[in-house]
Structures are given as structure tokens and as C-alpha cells.
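Heads up: the structure comes next, in C-alpha cells.
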């Protein structure tokens, strides 16, 4: 009986795989989605490498017109640009490392249903996802800890993200408990189980959470505005100042070439701020797709 069912399922899958209408519709939908993502990005790249005159005359579409790097020169010549990039890599790399360590140490105990108080702590985690103290209490707390004006104000307050924590908890729960039981019988401690067994099996979840966290630290500009000195600003904050400064120049100087140069510089800012994450994503994509389905299906 089971053999007949398998044959029927195989026939159904075979029909689906060779259904020309379904394949065509799927291809067209995917093509539209890809074009919707790629065309705006290509347009921004073309704007960043085009001259102000070409932008003014609306001659720029998906390819640079009158190729120039004047916009990138304006960004690179901005004071402290490379130092800001260095701080951004510092916040992103160190912050992601601290966040992964803290969330793994927090998520692994919470994945054990037999742990006393596990349910109450999980409720607190979920509660904190929707309710927080607010901006002023957070600032007063960080100021009382003497973190304002230091790089730790960017690292420690954002070490644990509730959404990412739940992803790790669900992944740890999906691992076979028999492996840990066998390790306990062999005399391995729970910390040893975490380091030697659980973490090597958690590459997909760690890559997913790591990518989420890295993107957050890379794009974060509001926290530096509140907690850091201007000399400690990351590149996102610096690029924001560049855009605002150019906008003020345009507002005071009128339209025309200044406005077109401002658009070109804004496009260059978008490319510079997005490029590192875009370059990293292909290396994590296979783990990211797998990690997104963590906890979705239980066998």
C-alpha cells in the first residue's frame, strides 16, 4: 500500500515539474521580482557615476552618462570619512561577536523545557519585544552606567535581540535530544555539550542571526547620534551628515547643477552604505535560507 502511495506522489511531483503553464507563471513572477530589485539599484549606480548635466537633462537611466567619479570624490574628501568606516567595521564585527555569544548563552538554557523558571523567563523575553522603557529611560540608564561617549554604548545595550533569540531557541529545540543525553552519559558537561556538539550543528542558525545582527549594527545611526561623540560616528552617521549638508546647500543655492550634484552624491552614499552587506550576503545565503525555516516544521 505504501508503495502505491509513493508511486502516486512521484507521479504528482513529476506532473508538477513538467507542467509548462505552472513553470512559465513561476518564471515570470520570479523575473518580475528580480527586475523590481535590480532595476532601482542599477539606476542608483548610474546616477552616482553620471555628470550633473546628464542628471539635469534627465538622460540617465540604467547606464552612466558622461562617466565621472565626482560624487565619490566629494564623499571621500569629507573629513574623517575613513575613520568613520573603521568605527563602523569595529561596531559591526565586535558587536556581532558579542551579540552571538550572549544570545547563545541565553538561548541554550531557555531551549530546555525542564529548566525551572524557563516559562517565566520566556514570557519576559516576549513581553520585552513589545514594551520598552522608552528613549529617555534608556538614555538615563546608559548614562548611569557611564557608557555615554564610549564605544560600549553601541555594543552592550544591543547585545541581545529578542527576535534573534527566539530563532536560536527554536533551533536548539529542534536538535535531537538523544545526542545530548549520550554526551551526558559520557561525562560531558552542558557547557561542553554546547561548545562541542550544539554549536557545530548550528551553523545555519548562527549565520542567519549573525547576518541580521551585522546588518543592524551596520545601518544603526540613531544610537550614535544620541550616545557617541562626533569623532566616534560610524559611516552611516557621517553619510547622513553629508546628505543633509548637501541638501542645505541646494536649499540655499537653488536648483540646477547643485541640485543634480546633490542627487549624484546621495546615490553614491546609498552605494557606499549598501555595498559591504551586499558583498557579504552571497557567502551566507545558503545558511540564511535554511536558517529562515528554523522551527517552521517539526518532525
Can you compute the equivalent ellipsoid semi-axes for region 78-292, i.e. the square root of 5 times each eigenvalue of the Cα gyration tensor, sorted largest first and rounded to whole Å?
41, 20, 14
Determine the gain in length on full extension of the stretch residue 33-residue 78; use 0.36 nm per residue of separation and subtract their C-alpha separation, reporting nm with one decimal.
12.6 nm
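How would you order 108-115, 131-138, 155-162, 43-50 from highest to lowest mean count of nearby Cβ atoms within 10 Å? Don't skip to the answer; put the middle values down first.
Values: 108-115: 13.9, 131-138: 10.0, 155-162: 16.6, 43-50: 20.4.
Listed from highest to lowest mean packing, they are 43-50, 155-162, 108-115, 131-138.
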Could you rank the peptides 53-60, 21-28, 174-181 by their average count of other C-beta atoms within 10 Å per residue, with the highest value first?
53-60, 174-181, 21-28
Counting each pair of different Cα atoms once, what's the Kirkwood radius of region 56-99 in Å, rounded to one decimal?
13.5 Å
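Taking each pair of distinct Cα atoms in region 145-192 once, what is the resulting Kirkwood hydrodynamic radius in Å? Numbers along the way, then the final one.
On the way: mean 1/r = 0.0721 Å⁻¹.
Hydrodynamic radius (Kirkwood, Cα only) of region 145-192 equals 13.9 Å.
At a threshold of 8 angstrom on Cα-Cα distance, excluding pairs fewer than six apart, so keeping six or more, what relative contact order does region 78-292 reach in percent? Show your work: numbers first, answer last.
Details: 180 pairs, mean separation 68.6, N = 215.
Contact order relative to length: 32 percent.
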Considering region 23-127, what Rg and Dmax in Å follow from its alpha-carbon atoms?
24.3, 69
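Read-outs throughout are calculated quantities, based only on the coordinates presented, and are distinct from any laboratory measurement. What you are looking at is a predicted structure, and each value in this text was computed from that prediction instead of being measured. Every residue, glycine as well, gets a Cβ built from its backbone with ideal geometry; the counts of neighbours run over all protein chains shown.
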